[in-house]
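Visitor: Dropping a structure here in structure tokens format, bear with me for questions.
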Amino acid sequence: MKKGSANSNPTMMDVIGTILSRLVNVALFIVIAILTLAALNGRTDLHLGLCAVLSIVSGLVGTVLIRLLLKGIGALGARSSSQP
């Protein structure tokens, strides 16, 4: 489902890839948020609601940063493999 592609009909692999990518993003967010909530709740005297909000924000930021890191590593790998 890439924008600007010549083929307007996505294949089944494109659809499955998009669904799996979104599921991985959600799972990554949940893991980061739970780990952050456990760390903040155990190590600080902050209110539980504030810890939850901070863990949600850190889960979002962490998910975006990890996805960017993985895309960057993939781009470097594709660039180095295309050179002779």
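Derivation of every value follows stated rules applied to the coordinates shown; laboratory data play no part. These figures come from a predicted structure and were not determined experimentally. Here the Cβ positions follow ideal geometry from the backbone for every residue, glycine too, while neighbour counts run over all protein chains shown.
Visitor: About the Cα centre of the chain, how large is the charge dipole given +1 on each Lys and Arg Cβ and -1 on each Asp and Glu Cβ? Please answer in debye to the nearest 20. Don't jump to the answer; show the numbers that get you there.
Guide: On the way: 7 positive and 2 negative charges, 58 e Å.
Using Cβ point charges on Lys, Arg, Asp and Glu, the chain gives about 280 debye.
Visitor: Considering the options 29, 12, 57, tell which one lies farthest towards the positive end of the dipole of the chain, charges being +1 on Lys and Arg and -1 on Asp and Glu at the Cβ, about the Cα centre.
Guide: 12
Visitor: Moving on. Mind giving me the FRET efficiency for residue 50 and residue 24? R0 is 41 Å, r the Cβ-Cβ distance, nearest 0.05 is fine. List each step's numbers first, then the result.
Guide: On the way: r = 28 Å, r/R0 = 0.69.
Once the sixth-power term is evaluated, E becomes 0.90.
Visitor: For the residue pair residue 16 and residue 67, what label-to-label distance in nm results when each label sits 7 Å from Cα along the Cα-to-beta-carbon direction?
Guide: Taking the two extended label points, one gets 2.2 nm.
Visitor: Kirkwood Rh and Cα-based Rg: tell me the resulting Rg over Rh for the chain, rounded to two decimals.
Guide: Values: Rg = 18.1 Å, Rh = 15.5 Å.
That ratio equals 1.17.
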